[in-house]
Each structure stands twice: as C-alpha cells, then as structure tokens.
Amino acid sequence: MPKIEVNEKLFFNLLGEKYDYDTLEAKLTCGKAELDEKPDTSKPEDERVIKIELNDTNRPDLWSTGGIARQLRIHRTGKISDFSSFLSYNKNFKDFGNRVVNVDPELKEIRPYMTAFVISGKPIDEPMLLDIIQTQEKLCWNFGRKRRSISMGVYRSAQIKWPVNYHAVDPDKTSFVPLACDTPMTCRQILTDHPKGKEYGWILEGKKKFPLLSDSTGETMSMAPIINSATLGAVKVGDSDLMVEMTGTDMAGLLLATNIVACDFADAGYTILPVQVKHPYDTGFGKDIVTPFYFQETTDAKLSAVNKRLGSNLSSEEVIQALAKMDCTAKVTEKDGDTLFTITPPPYRNDFLHEVDVIEDIMMGKELSFFAPEKPHDFTIGRLLPVTLLSRKAKELMVGMGYQEMIFNYLGSKKDYIDNMNIDASGVIEIANPMSENYQFVRPSIIASLLSAEAGSANAVYPHKVFETGKVSFLCEEENTGTKTVQSLGFLTASGDANFNTAASEVATLLHFLNQEYVVSEANDPRFIPGRQANIMKNGKNIGIFGEIHPQVLENWQITVPCVAGELNLEELL
C-alpha cells in the first residue's frame, strides 16, 4: 500500500489544527490511513517527518500532504471545498489568457494526451518542494504505472514564452541539457547515458520519434516522460510561479491527476491559472480542453439501501451531513416511495462506481464509533457450498491421475494473460488503477497460470502434470456488474509424447467419475493447434476446452516441449 512522508509543520498548517500523535492516528481512519512511523520529537517541528500508510489504492488524492490534510480538515469541519474559481466545467471555458499548449498530430501514436496549469503566489519553500516531488513520484509511479500512462513535469513558468509546443522530434537530431548535467545530450543519448533515461527509457522503446515540450522560442522544457531540462525544468526553493504539466496515454487518469495536484496547490494558498491544451485529435473529452477540468459523474444511492447495509436508521439530513464530511454534495429527490441521493464528488475524486461506494463514504463520514457493535441475530450452521464440494472431488481425481496441484495469483500482466496466449483483450478485465503492470489484469483462464509455472520448470524431470481449481473472471454484458466470475479447473501436461488423445482420455476419466455426461465438438481457439482441440459440451452448452497448445504460444513462454492443456467450468456441472 502507498506510504507518504509529511512535514509535520506543513501538515498541521494545512490541517488548521494540531493533534498529538495518538489523536492523529484515530483521525486518520476517515482517510483509510494509519501512522506508519512517528517522527523524532527531538528535532524541531519544521524538520519532523510523519510517515503515513494509506490502506486503499482507490484514493490517489490522499497520497500527498495536502490531500490527507484536506480529508481530515473537511471531516472535522463538514465544510465542503470550493475549487470553482479555476475549474473548467465545459468546452467553452475561456479563462486561460494566453496560456495555450499546441499538441503535434504525430504524438497520437507515441504519447497522445496532455494537461497543464500554472500556479502563482508565494515562493516555494523546501517542505513544499519536497512534497511536490513526493506527489509527483507517488502519482506517476503508482497511479501512472511507472510513468507509462501518466507523467508529471514542473517548470519555472515566469521564464516560459507562450504558447508551449508538445511535439514529436527526431531523437538523434534533437539535443538539450537535461537535469543533473552540464552539457547537451541527444534524446537518444539520454536513454542510454542519463540515470533517468536508463530507468524510464523502456516507455519510449521502439518509437521512431520522441515527445518534446518546448516554449515558443524553442527552449526545451522536457522530454516527457523521462527528464526535465536543466533550464526551464530546474525548479528551486524560492520560485513562486510554476507550470505543471502531465502527459500520458490515459486522458481520464491525466485529468484526475491534474485535478488532484491543482487542488493541493489551491489548498496551500496558491492561485491556479488554467491552461488550454489543443489536441488535433479527439481525447474522449473533446479536442481543445481547458485544464483543470471537472469530469466526474454523479452516483445515486437510496436511503433504504443506506440504512439496510449500515444497519442504521439515518435521516436524509444525517446522510447529507455525513457526505459533506467526505467533501461530497448530495441532491435529494423522492422516487418510488424512497429517498434518492444523487452524489456529486469533488474534482479530485473518481472512485464512485456503485451505490455501495456512496454508502461506504456515509459510514466513514459518520465515523465507525457511531455504529454500536451488535451480536448476530440469527443462528446459522456453516456448510460448504456445492461447488466447493465438487472442486474437492475433482482435486482428488486429478491427483489420482498423477497431477500436482498448484495455486496462483488471480491478477497478472497483459503479457502473461493476453500477448503470450495469442488472444485479444476484448473479454479480459483490466484494473483501472493497478499498483503494478504485473497485476494489471484479472485472469480469464487458468491455462496461462499453468504455462507460467511450466516456463520455469525446464530443469525438472518430465513429464510435468499440474492443475489448479480456482476463480477466473471475464467481461459479460448479461451480468449486472458487467463481469462474471466462475470456479474453474485447469490442467496441463508437458512431455515429449503429450498429445490430444491423452488429454481426451483424461477428460473422459474425470467426467466419468464426476457422473457427468458430455460430448465434444470442433473448437477454434488460438491457444491450441487447429484440428487438435475440442470443446466440451453439456446440454448444448460449451463448458470447457482441451487440446494441444499452439507452438506459437509455447514459443511465447519459451517452453521447448509439447504441452496439452484443458479447462472446465465446474459450476456448469452442478
């Protein structure tokens, strides 16, 4: 989970009230946070660092000193924040002066989107500068997938000549002096010789042109998302006017991150000046967009659902007050004999996906201490679900056929679940804000997990026979949530003589002892060799597949022996 370090003096100044550390830890629960480490009290207050651990990745707005202080302040006062002075709410917003960024059409296939704004006011002190750097790192590393989808740059805006140009350049013919250097380097050299280039150069790997940000005089500001220039991009203590820009591949994520940082600066007492970014192609929010930009959608919740899930008897007024403590406004209407709340989130939050999310905020707004502990009212007898009993029987049969049980993660990477398996991503569930690219997708099949194990088992004596019973999930429009999760059995055999006939006989054995009737039909799955694969059918419905793994899939996994594999939806056998 994310951890942040906050300067004690800056934090309590933004909070507007000072707490002892025990009280602070109790107050942090409204932000799903806790003290990770108390500061050294022997140091002066302006040198103390409080370490806070966030227990939720759905609120990137809390990953900064300003963000966590805002949540505690609003929870204490119930006073909703107002950022309307600088937020644009529609495409006709004109209050951006001469602050314009022009985006090159060539960037559409490289790094297509950009947002920006300018801050003005008091000089930046050292604690504030350190917090800016921390916010940049947390947002871009965790929320921005190690800068792939979101990167952030900060510049000395007083020296920038508008309009700014975000354009594609030849990496071998374009040079500038990057941060921490004294001599110019080409964009290509930066990837191989500069520490930040070595760390993040993989993002631009294979690109014929690189993104460059420069002002109207041609002075380089940065090579996004790698490194700032040593001139306009070298922000120092004492600078009072700064430009903040974000580039990336996810426009919704960029807009949210932009709003988060802008609101943090506004809370710290700075004036936020919007910037118009002119894209030559559609961003999903229009072409010419003034940022910061409010794009959050409303979410509905019924009073009856709130009280049912919380076991409470809250009135409409109490619900509105609780939501206000979480910085949310609510419009109340009557519908079908029930009270309906339409919740409008603040510009820095985009984590309301369902009515339950609203109910959770109401609970946190009321505080956990409001809800009295209750003993269970009903006496129930625990028992295993039918699918669990079936899974256990299937496990015993697989072990009896010489298979070894494996247990895998349910989350993985695009490479493992999609690219290596020769399938498209249309039915695969993607996590909106993953902590890492290695846990970006929910697995749609167990076979990929089994192949990942086989890829690292070349030194073990053959044959290799492994299986797993576990959950798989995929997109499904017929479900209310848009996704479906089922209990599945997957198996794989790797050996020199692994073939379709062996897999067919083992499937027949398994289903015979599970007392299941089935037939097979021709399959056309890209994971398997054409003509050497079959669907498992029950009552006219496809409930599984087995066959010989396609050579391309084996090559993708760097597996050098033939493999047969199969998968069965256990829930369809009930």
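Quick notes
- Carbon + sulfur, % of accessible area of the range 159-241 - ligands and nucleic acids excluded, 1.4 Å: 49 percent
- The trypsin sites (Lys or Arg not before Pro) of the range 143-182 that meet both conditions, a loop assignment by DSSP and at most 16 other Cβ atoms within 10 Å of the site Cβ, are Lys161, Lys173.
- One decimal place: the segment Leu514-Asp424 gains 29.1 nm when fully extended, by the rule 0.36 nm per residue minus the C-alpha distance.
- Helical runs (DSSP H, four residues minimum) scored at -39500 (n - 2.57) apiece and divided by the length of the chain put the mean residue ellipticity at 222 nm at -7500 deg cm²/dmol.
- Reachable lysines, given that their alpha-carbon falls under 17 Å from the alpha-carbon of Lys541 and they are not under 8 places away in the same chain: Lys484
- Whether the chain is rounded, prolate or oblate, judged on the alpha carbon gyration tensor where a/c under 1.5 counts as rounded: oblate
- For the range 147-156, Karplus couplings with θ = phi - 60° (6.51, -1.76, 1.60), whole Hz, Gly/Pro x: 6, 5, 9, 9, 10, 10, x, 10, 9, 7
- Additional length obtainable on full extension of the chain from Lys43 to Arg76, 0.36 nm per residue less Cα span: 9.1 nm
- Basic side chains Lys and Arg get +1 at the Cβ, acidic Asp and Glu get -1 at the Cβ, and with that the dipole of the range 381-456 about its Cα centre reaches some 420 debye.
- On full extension, the segment bounded by Trp202 and His377 gains 57.3 nm, given 0.36 nm per residue less the C-alpha separation.
- With Cα atoms defining each centre, the range 197-235 and the range 466-502 are spaced 44 Å apart in the structure.
- Per residue accessible area in Å² of the range 3-54, where ligands, DNA and RNA are left out and the probe is 1.4 Å: 52 Å²
- Anisotropy class of the range 196-300 from Cα gyration tensor, a/c 1.5 cut: oblate
- Legend: calculated FRET efficiency, Thr217 to Glu17, from the Cβ-Cβ distance at R0 = 45 Å, rounded to 0.05, equals 0.45.
- Separation of the Val332 and Asn313 label points, Cα + 7 Å toward Cβ, nm: 1.8 nm
- Local electrostatic count at Pro280 - Lys and Arg +1, Asp and Glu -1, tallied over other residues with Cβ under 12 Å: -1
- Backbone geometry of the range 459-472 corresponds, through the Karplus equation with coefficients 6.51, -1.76 and 1.60 at θ = phi - 60°, to 3J(HN,Hα) couplings of 8, 7, 5, 7, x, 9, 10, 10, 8, 8, 10, x, 8, 10 Hz, x marking Gly and Pro.
- The range 1-50: trypsin sites (Lys or Arg not before Pro) falling in loop per DSSP and having at most 15 other Cβ within 10 Å: Lys18
- For the range 353-362, backbone phi angles converted through the Karplus equation (6.51, -1.76, 1.60; θ = phi - 60°) give residue-by-residue couplings of 10, 7, 3, 4, 5, 5, 4, 4, 5, 4 Hz, Gly and Pro being listed as x.
- Å² per residue, accessible surface of the range 243-328 at 1.4 Å: 34 Å²
- In the range 481-574, Rg over Rh equals 0.99, where Rg is the alpha-carbon radius of gyration and Rh the Kirkwood radius from pairwise Cα distances.
- Protein heavy-atom surface of the range 307-370, 1.4 angstrom probe: 49% of the accessible area is carbon and sulfur, with nucleic acids and ligands not counted.
- Sites Lys94 and Ala158, calculated FRET efficiency, Cβ-Cβ separation with R0 22 Å, nearest 0.05: 0.40
- Within the chain, longest stretch free of exposed GluC sites (Glu not before Pro) [DSSP loop, at most 16 other beta carbons within 10 Å]: 18-204
- Across the chain, the relative contact order, built from alpha-carbon pairs under 8 Å that are at least six residues apart, equals 12 percent.
- When the C-alpha to C-alpha distance is required to be over 31 Å, the pairs from Lys32/Lys209; Lys198/Lys471; Lys161/Lys287; Lys18/Lys138; Lys38/Lys138; Lys331/Lys375 that qualify are Lys32/Lys209; Lys198/Lys471; Lys331/Lys375.
- For the range 518-574, the carbon plus sulfur part of the accessible surface works out to 49%, probe radius 1.4 Å.
- The range 138-210: C-alpha gyration tensor shape, a/c 1.5 cut-off, then a/b vs b/c: rounded
The values are calculated or read from the model by the stated rules, or taken from the named source; none is laboratory data. Predicted model, so just to flag it, every value in this text is computed and none were measured. No Cβ is skipped: glycine too gets one built from the backbone with ideal geometry, and neighbour counts run over all protein chains shown. Ligands, DNA and RNA are excluded from the accessible area calculation, which covers all protein heavy atoms including side chains. Shrake-Rupley method; radii C 1.70, N 1.55, O 1.52, S 1.80 Å.
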